[in-house]
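Worksheet: the structure to be examined is printed underneath.
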Amino acid sequence: MMNGVTRQETGTVVLGLRANWQQFTLLVVVNAFVGAMVGLERTVVPLIAESDFGLASKSIALSFLISFGIVKALANLLAGRLSDRLGRKRILVAGWLIGLPVPLLIIAAPSWGWIVFANVLLGVNQGLCWSTTVIMKIDLVGPKQRGLAMGLNEFAGYVAVSLSALLTGYLAATYGLRPAPFIPGIAFAILGLLLSALFVQETHSHARHEAQNQPRRAGRKQPANEQTNPLSFAEILLLTSWKDRALFAASQAGMVNNLNDGMVWGLLPLFLSGKGLPIDQVGIIAAAYPGVWGLSQLITGALSDRWGRKPLITVGMWVQAIGIGLFVVGQGFGAWLGGAVLLGIGTALVYPTLLAAVSDVAHPEWRASAVGVYRLWRDGGYAIGALLAGLLADSLGIPFAIAVIGGLTFLSGVVVAGVMYETLPARRK
């Protein structure tokens, strides 16, 4: 151990944040562009559904988010598996190539179907690019500082989501809903592709090094990262989804987290505009949530390396539920902004910590696949949340839909508290 950097004896590969800071920083920048792409839609697209295409049904208006969630979930699964087989960089570059047409399609869309198709491509872009940047950072840092690494990754992504949402809200208020808010997306996609293709280096060898140097002991059920035989993909799917208690708890918490994020993304702009807020104030609230979420992860990711994963995930889900509740019981810009801030803090406690927990449990040989399965469940929450929120809003009203999502978020925290074991190696018993 030298200056906090773990050196491995084999070859020239060195694991650790400090040893790999240049590539790590580059991947942080790349993930910022990934986040900026999805931030283009956080404020404006739900409003386009009503103003440009006259969609009164909330279920139909949220169809763009349902398509995004389904495709992104499947792309996560594919990215994890292909990253183990083909390497990380190829998948990252492919994701950017698929994302290039997205802003152009939204700008030119003559019908709502074009918006839905653009979100299919955006889902593939987000699934492939965000998954591989996560996996590559985990590869680089090795077994130390996973929480910090995930905090930095998610900080970059969601601060970019926030700034992009704020920018699109300003552009929409000043120049209209189209095309101005989506023109920056063209630059985001081109820059992300060029950085990934020309400067990002493959990290699969780092994962192989970690696997070769990780002790493996037979005869114990837990943790799953000590499995002595190679696992098939079906076994990894079952282990991550159900058989391992910590991985199951993480998968369901991730799904519910993005279920409520899908509700906030799809319904909140409609809810706030329906309450009479101007577009610029809607944009501020829409940006505050991912902004607080992103900035707070600089702290929460590192805290999970000290305090453990389980307490941060449990408390984070409950803080999210309180923040969601403020949208229902609160009145006015200040109360709703407070709800967005609490929701951002709660999500910051949960988001990087879940990724770190999955990485704690999964063996390096199949970790990318396990991350892909976790992200399948997590981002499937977008589709479930959009569908559930849309149906409830159409039948019982938007406030009722928001309240139900808040209740599910609280129950998810109860599941984590009751089921999950601590995964942080220093605290694992």
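Read-outs: derived from the displayed coordinates by stated rules, not from any lab. As the structure is a computational prediction, the values presented were derived from the model and not from experiment. All Cβ positions, even for glycine, are placed from backbone atoms using ideal geometry, and neighbour counts span all protein chains on display.
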Practice problem: Find the eigenvalues of the gyration tensor of the Cα atoms of the chain, then list the square roots of 5 times those eigenvalues as equivalent ellipsoid semi-axes, largest first, in whole angstrom. | Solution: 35, 24, 18
Quiz item: Dipole of the chain, Cα-centred, from +1 at each Lys and Arg C-beta and -1 at each Asp and Glu C-beta, to the nearest 20 debye?
Solution: 1180 debye
Exercise. Would you compute, from DSSP H runs of 4+ residues alone, the mean residue ellipticity of the chain at 222 nm, taking -39500 (n - 2.57) per run and dividing by the full residue count, rounded to the nearest 500?
Key: -26000 deg cm²/dmol
Quiz item: Based on the mean of other beta carbon atoms within 10 Å per residue, what is the order of 348-359, 25-36, 401-412, 145-156, most packed first?
Solution: 348-359, 145-156, 25-36, 401-412
Quiz prompt | For the range 317-361, radius of gyration divided by Kirkwood radius, i.e. Rg to Rh on alpha-carbons | solution = 1.17
Quiz prompt | Cα principal axis extents for the range 6-132, largest first, Å | solution = 63, 25, 22
Quiz prompt | Those GluC sites (Glu not before Pro) in the range 7-104 that DSSP places in a loop and that have at most 10 other beta carbons within 10 Å | solution = Glu9
Practice problem: For Leu191 paired with Leu238, estimate the spin-label separation in nm (one decimal), with each label point 7 Å from Cα along the Cα-to-Cβ line. | Solution: 4.7 nm
Practice problem: Could you grab the relative contact order for the chain? Cα pairs under 8 Å, six or more apart, rounded to a whole percent. | Solution: 26 percent
Quiz prompt | Calculated on alpha-carbon atoms, Rg and Dmax of the range 261-329 in Å | solution = 14.5, 44
